[in-house]
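The values are calculated or read from the model by the stated rules, or taken from the named source; none is laboratory data. Keep in mind that what you see is a predicted model, and the values were worked out from it rather than measured. Surface areas here come from the heavy atoms of the whole protein model, side chains and all, with no ligands, DNA or RNA. Shrake-Rupley method; radii C 1.70, N 1.55, O 1.52, S 1.80 Å.
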Amino acid sequence: VLEFRSPHVGFAMLADRKWITMVDRREVLIKRLVVRGDLIAQCNVSTLPDLQSGKQLALKSFQNDIRNSLGKQFAQFASASQYVTSQKLRVLRVVAVGRSSDLPIQWNYYHISDDKGRRAAMVFTMESKLVKRFAARDRSMVNTFQFLNRRQPTRAK
């Protein structure tokens with residue numbers, strides 16, 4: 001397990017060394033889980049606009065956002081839950097299933113927030129047949145997630 005820091009996106013977390021960073025820009029981090037040469041899953045992490053301090057997104061609203069973003073790919077929700085991490089971050093977790101390019105897909109969506117209103121979204125995407133090989137690797141990443149102070153862009157001289 002390695003610590004991964006993304007000052008561009010504004011977070012740190014622990015991740016299995018099998019997660020390869022594909023993109024690390026201010027708007028998104030994309031990692032891919034490759035095991036023995038096989039692409040198992042992709043993880044996209046992005047920060048979201050802050051909410052007013054003390055406000056939280058409701059689980060039902062998060063599910064509606066997911067249903068709308070997936071559109072015709074969406075079939076059903078497999079599960080939905082919420083909990084608080086040891087870092088005192090509130091986590092909404094929703095698992096959705098559907099189809100993309102005629103393949104059965106599972107999406108594990110996470111909405112992570114703190115009492116200051118900072119928020120991040122994580123989505124793990126995998127073919128349904130690879131869920132067992134994925135083996136809940138998302139949970140350790142989410143449970144070690146921490147917000148960082150975002151690096152402010154500097155002007156070129």
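Rounded, prolate or oblate for the stretch 28-103? Axes are the square roots of the Cα gyration tensor eigenvalues, ordered a ≥ b ≥ c, and the cut-off for rounded is a/c under 1.5. Kindly include the intermediate steps, with their values, before the conclusion.
Details: a/c = 1.99, a/b = 1.35, b/c = 1.48.
The shape class here is oblate.
Based solely on its DSSP helices, what 222 nm [θ] is calculated for the chain when runs of n ≥ 4 H residues each add -39,500 (n - 2.57) and the sum is averaged over all residues, nearest 500 deg cm²/dmol?
Numbers: 3 runs with 23 residues, N = 157.
Rounded to the nearest 500, the figure is -4000 deg cm²/dmol.
In whole Hz and in residue order, list the ³J(HN,Hα) couplings for the stretch 19-24 that follow from phi through the Karplus curve 6.51 cos²θ - 1.76 cosθ + 1.60, θ = phi - 60°; x for Gly and Pro.
Values per residue, Gly and Pro as x: 7, 9, 7, 9, 9, 9 Hz.
What list of ³J(HN,Hα) couplings, whole Hz, do you get for the stretch 37-43 from phi and the Karplus terms 6.51, -1.76, 1.60, once you set θ to phi - 60° and write x for glycine and proline?
x, 9, 6, 9, 7, 10, 10
Just by accessible area at a 1.4 angstrom probe, what is the order of His8, His111 from largest to smallest?
Details: His8 70, His111 5 Å².
Greatest to least solvent exposure: His8, His111.
By its C-alpha gyration tensor, with a ≥ b ≥ c as the square roots of the eigenvalues, how is the stretch 6-144 shaped: rounded for a/c under 1.5, else prolate for a/b larger than b/c, else oblate?
Details: a/c = 1.73, a/b = 1.21, b/c = 1.43.
Oblate.
Residue-wise, which Karplus ³J(HN,Hα) couplings in Hz belong to the stretch 87-104, taking 6.51 cos²θ - 1.76 cosθ + 1.60, θ = phi - 60°, and x for glycine or proline?
Once θ is set to phi - 60°, the couplings for the stretch 87-104 become 7, 6, 9, 8, 10, 9, 10, 10, 9, 10, 10, x, 9, 9, 6, 6, 9, x Hz.
Considering Cα pairs under 8 angstrom that are at least six residues apart, work out the relative contact order of the chain and quote it in whole percent. Write out the running numbers ahead of the final one.
Numbers: 313 pairs, mean separation 40.1, N = 157.
Worked out over the chain, it gives 26 percent.
Could you give the length gained on full extension between Ile20 and Arg36, defined as 0.36 nm per residue of separation minus the Cα-Cα distance, in nm? Walk me through the numbers on the way to the answer.
Working: separation 16, 0.36 × 16 = 5.76 nm, distance 1.27 nm.
Between Ile20 and Arg36, full extension yields 4.5 nm more.
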